[in-house]
Amino acid sequence: FRSILSIISIVKLLLSIRETQMNSLIKFLPGLLCLAAVTGIPVISALSQPTLVAAEAKAPLDLKLTVEQKAQLKTIKEEARAEIQKLLTPEQLSQMETAKANKVSFRKALATLKLTPEQKASIAEIKKQENTKENAVLTEEQRQKMRATAPPAKAK
């Protein structure tokens, strides 16, 4: 009976984690299932705690945006995406559509494309312009809050 509970806890964990976490755990799944079945020990319960911590860490940033700011930011984002899409080849656009259908974020889908150096440079410039426009919409207090919670910049 404990083995069944262990397997149920494994399934619950797998259903609650994100795709990136799933990919790293999948390697260990056969061994964990065997261990749970043989020993009857709920081996996964210790792994479920970091999932909760990760979920809390991903809480949305509350900038207290006005309705007008939300609309402006949405327009800026849509315009930037449209500009980026103009740079893509038909094959790349097809890959982006497939990713969208699979509920992959625009940013993650874009990162999977094999972009030319020219495309990368153009996209970087579009993103830079997008950030400048977004910052112009935000108040100083909102910008400070964004900077305080932003991850450190990647070293080049």
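Looking only at residues that are open to solvent by 50 Å² or more (accessible area, probe 1.4 Å) and under 20 Å from the mean Cα position of the chain (by Cα) in segment 109-119, which one is nearest to N131 (Cα to Cα)?
Among those that are open to solvent by 50 Å² or more (accessible area, probe 1.4 Å) and under 20 Å from the mean Cα position of the chain (by Cα), it is A111.
Restricting attention to segment 115-148, report how many residues are among the polar types (S, T, N, Q) and touching a residue at least 60 places away in the same chain (Cβ under 8 Å).
Qualifying residue count for the region: 1.
Hey, could you check segment 135-156 for residues that are open to solvent by 90 Å² or more (accessible area, probe 1.4 Å) and not acidic (D, E) and say which is modelled with the lowest pLDDT?
K156
Would you check if there is a residue in segment 117-134 being assigned to a loop (DSSP other than H, G, I, E, B) and modelled with pLDDT under 95?
No, segment 117-134 contains no residue that is assigned to a loop (DSSP other than H, G, I, E, B) and modelled with pLDDT under 95.
Residues checked against (1) surrounded by 11 or more Cβ atoms within 10 Å (Cβ to Cβ); (2) touching an Asp or Glu at 6+ places or on another chain (Cβ under 9 Å); (3) at pLDDT below 60:
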position	(1), (2), (3)
M22	yes, no, yes
L25	yes, no, yes
I44	yes, no, yes
L65	yes, no, no
A71	yes, no, no
Q85	yes, no, no
Q92	yes, no, no
Q95	yes, no, no
R107	no, no, no
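The values are calculated or read from the model by the stated rules, or taken from the named source; none is laboratory data. Keep in mind the model is a prediction, meaning the values are calculated, not measured. Virtual Cβ from ideal backbone geometry, glycine too; neighbours counted across all protein chains shown. Only protein heavy atoms, including side chains, enter the accessible area calculation; ligands, DNA and RNA are left aside. Shrake-Rupley method; radii C 1.70, N 1.55, O 1.52, S 1.80 Å.
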